[in-house]
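As structure tokens, the structure follows; a few thoughts come after it.
Laboratory data are not the source of any read-out in this text; all were calculated from the coordinates shown. In this text the structure is predicted, and so the values were computed from the model without any measurement. FYI the Cβ positions are ideal-geometry reconstructions off the backbone, even for glycines, and counts take in every protein chain you see.
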Amino acid sequence: MAQKTASKTAPITSPLSDQDREITGKVLQGTLLDLIDLHLVAKQAHWNVIGKFFRSVHLQLDELVSSARGFADDVAERAAALGVSPDGRAATVAEGSGLPKFESDWRDDREVIEAIVSALESVIRRLRARIDETDKTDLVTQDLLIAIARDLEKAHWMWQAQLAD
Ligand SMILES: [Fe+2]
């Protein structure tokens, strides 16, 4: 049996150059943290919302939970396919997510809607910057980020529409 050498080669090869892989990997890792946190915030809100519109907000939050969770998986697996190890651990999310803080305890339905609108705004803002960043490094990743942005911008509209008087 061949002896293992001391130098460790990357177990997953990448179709990208080292430089493009590094930039794209960072973009995907940052997006992963935002999406995991968005899923956690939406679940927290799902459990803690109270008020006249409890039922519709409670149900709509679970739709956001599933899309954020599904996209987080797509993003993590895209990173893996590029030879970049995704890190979705709780401590990494707590340290690196860019979402505004969501307060604990029962939350009034309107307050929840406002918090979700602002969480979506912050995720979308960074997502759009990351779409620009991947323009020269990896169009396949960019395509995935565009699909995520399209869905989250639709969700943003639907949440914001409920705030109109
Ligand atoms: Fe539930």
Quick check: pseudo-label points 7 Å beyond the Cα along Cα→Cβ at residue 121 and residue 95, how many nm apart are they? 2.9 nm
Defining a contact as two alpha carbons under 8 Å apart and six or more residues distant in sequence, what relative contact order in percent does the chain show? 30 percent
So if I place +1 on the C-beta of Lys and Arg and -1 on the C-beta of Asp and Glu, and nothing else carries charge, what would the dipole magnitude of the stretch 1-152 be about its Cα centre? I want it in debye, nearest 20. 260 debye
The farthest towards the positive end of the charge dipole of the stretch 11-164, of the residues 127, 58, 139, given +1 on Cβ of Lys and Arg and -1 on Cβ of Asp and Glu, is 58
log₁₀ I(q)/I(0) of the chain at q = 0.16 Å⁻¹, via Debye over equal Cα point scatterers, no solvent, to two decimals? -0.88
For the stretch 87-132, what is the convex hull volume of its Cα atoms per residue in Å³? 84 Å³
Compute the length gained on full extension between residue 73 and residue 19: take 0.36 nm times their separation in residues and subtract their Cα-Cα distance, giving the result in nm to one decimal. 17.1 nm
What is the set of long-range amide H partners of residue 49 at a cut-off below 5 Å, with H atoms built 1.01 Å from backbone N? 107
Low-density loop positions, trypsin sites (Lys or Arg not before Pro), the stretch 73-125 - DSSP coil, at most 11 other Cβ in 10 Å: 89, 101
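Using the C-alpha atoms of the stretch 48-122, what convex hull volume per residue, in cubic angstrom, is computed? Write down the numbers at each step before the final one.
Working: hull volume 7.1 nm³, N = 75.
Spread over its residues, the Cα hull of the stretch 48-122 gives 95 Å³ apiece.
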